[in-house]
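Asks: The structure follows.
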Amino acid sequence: MVPIWHKPKSEVSDEDYARFYNEKFFDYQPPAKTIHVSTEGVVSYEALLFIPSHTPYNYYTADYEKGLQLYSSGVLIMDKCADLLPEHFRFVRGVVDSQDLSLNISREMLQQNRQLQVIANSLEKKIRRELTRLLADDREKYEAFFKNFGLQLKYGTVSEYGAHKEDLKDLLLFYSSTEQKPVTLKEYADRMKEDQQYVFYACSESVTKADRLPQTEAVKRKGYEILYLTDEVDEFVMQLLHDLDGKEIKSVDSDDIAGEEERKAAEEQTKENRSLLDFVKESLHGAVKDVRVSGKLDSHPVCLTSEGGVTLEMEKYFAKANPEGGMKAERVLEVNAEHPMFAALKAAYENEDKERAAKLSEVLYSQSLLIAGFPIEDPTAYADLVCSLLTNS
């Protein structure tokens, strides 16, 4: 019998491909995409690759093994050859058959085999080309694929110090605040306003929470689009990409997203209220590096941002990886000087009611933690504190 990958594409139906895939790889669903390759050149080979239509149950565990079945002239020489696939395409299943490989080649020799590397490089380009075509021709199917394996592409973007970022960035999708659906970075760039200096993004646990972040108000006010990032690796991706067609990629937490006028006004109010802001910082016993008036807030009283190389989202990521000693962000508490809560804080401070001012400071900080997605150390104490302020107002 002639193996299916040796047959011309014209002689194989979609049903034949699906049947082979189901039987060969013990999957109950047809593949999302089939890639049939026949190449002659420096190294001749035939390959039949499949992109699964769902995520294998053990895909994101240490038990999952990547790799393609490797044949030499129809004879199986390795069941899972990991060297044929880059890590960012580890979800691909299939077979590769080359008459240029020796039947009795060992695993150690394969790892050093130049012909195998040529095949691997060729397969990577073909997979990327097919995914690009799927994105352009069948958006719904691509979005279904990305829902299953988009996280793998994101990790591939940041792995090896960004060695593959240029190859993968056009395949990434992020939820858009204006389009209210996943979009590519190129689609975002094509819609940017003429006066828009930055590509904006906001990180949170969900799209809904990202959309309600206080820091987004200044960007929304100007009608700019925001990308909502909900995966832990997303901010690492954005920082590694750094810019999009020359436009710097910025978090809504950044100080310079506010306009020049708003920023100068915030700096002036910070100077005017320096003693009060220093009191708030002292009341929080080292929980924040600084307290300042924000130029990003309209209707909300407070938000939490950070300084330095470690962002709040990175802190969450490191905390999960190492709960005992993860890297910490330098937290900054930003307050809205036009909000009634700030007026109440200022009145308590100026009336020498330092105890009430300290309590209000703690409430503001706890609220900023909740908005940013951090847990409050003592929820019961926070509830009691709010009740005491309400009953004594």
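Asks: Can you give the angle from 0 to 90° between the axis of helix 14-25 and the longest principal axis of the chain, with both taken from C-alpha atoms, to the nearest 10?
Replies: It is inclined by approximately 80 degrees.
Asks: Let me ask you something else. Among DSSP beta bridges whose residues both lie in the range 1-93, state the antiparallel percentage, nearest 5. Numbers along the way, then the final one.
Replies: Details: 12 of 12 bridges.
Expressed as a percentage, antiparallel bridges in the range 1-93 total about 100.
Asks: Taking θ = phi - 60°, what integer Hz values does the Karplus form 6.51 cos²θ - 1.76 cosθ + 1.60 yield along the range 204-212, in sequence order, with x for Gly and Pro?
Replies: So the J values, rounded to whole Hz, are 6, 6, 8, 4, 4, 5, 4, 5, 9.
Asks: Of all DSSP beta bridges in the range 258-391, what percent run antiparallel (nearest 5)?
Replies: Values: 6 of 10 bridges.
So the antiparallel bridges in the range 258-391 amount to around 60 percent.
Asks: What is the sum of charges around LEU244, taking Lys and Arg as +1, Asp and Glu as -1, for the other residues whose C-beta is under 10 Å from the C-beta of LEU244?
Replies: For residues surrounding LEU244, the net value is 0.
Asks: Round to the nearest 10 and give me the degree value, 0 to 90, for the angle of helix 340-350's Cα axis relative to the longest principal axis of the chain.
Replies: Result, in degrees: 50.
Asks: Something else about it: Of the listed pairs LYS328/LYS359; LYS186/LYS271; LYS296/LYS316; LYS316/LYS354; LYS80/LYS186; LYS193/LYS346, which have alpha-carbon separations greater than 31 Å here?
Replies: Numbers: LYS328/LYS359 25 Å; LYS186/LYS271 41 Å; LYS296/LYS316 23 Å; LYS316/LYS354 33 Å; LYS80/LYS186 36 Å; LYS193/LYS346 39 Å.
The pairs that break the limit, which is 31 Å between Cα atoms, are LYS186/LYS271; LYS316/LYS354; LYS80/LYS186; LYS193/LYS346.
Asks: Another question, if that's okay. Which option, [x] 60, 55, 49; [y] 92, 46, 36; [z] 55, 50, 44, is the value of Cα extents along the principal axes in Å that was calculated from these coordinates?
Replies: Only one listed value fits the structure, namely [y].
Asks: Amide H neighbours of TYR71 under 5 Å, at least 5 residues apart or on other chains, H built in the peptide plane: list them.
Replies: ILE77, VAL96, ASP97, SER98
Asks: Report, in debye and to the nearest 20, how large the dipole of the chain comes out about its Cα centre when Lys and Arg carry +1 and Asp and Glu carry -1 on their Cβ.
Replies: Numbers: 49 positive and 70 negative charges, 153 e Å.
That gives a dipole near 740 debye.
Asks: Mean residue ellipticity at 222 nm from the helices of the chain, using -39,500 (n - 2.57) per DSSP H segment of n ≥ 4 over the full residue count, to the nearest 500 deg cm²/dmol?
Replies: It comes out at -13000 deg cm²/dmol, rounded to the nearest 500.
Asks: Among PHE342, SER283, PHE174, whose Cα sits farthest toward the positive end of the charge dipole of the chain (+1 at Cβ of Lys/Arg, -1 at Cβ of Asp/Glu, about the Cα centre)?
Replies: Final value for the positive-end residue is PHE174.
Asks: Here's a follow-up. Structure shown: which of LYS250/LYS320; LYS181/LYS281; LYS7/LYS181 lie over 30 Å apart, alpha-carbon to alpha-carbon?
Replies: LYS181/LYS281; LYS7/LYS181
Asks: Projecting each Cα onto the charge dipole of the chain (Lys/Arg +1, Asp/Glu -1 at the beta carbon, about the Cα centre), which of TYR28, HIS6, SER44 comes out farthest on the positive side?
Replies: Farthest along the dipole direction, towards plus: HIS6.
Readers should treat all values here as calculations from the given coordinates under stated rules, not as data from a laboratory. Note that the structure is a prediction, hence the values are computed from the model and not measured. All Cβ positions, glycine included, derive from the backbone under ideal geometry; neighbour counts span all protein chains shown.
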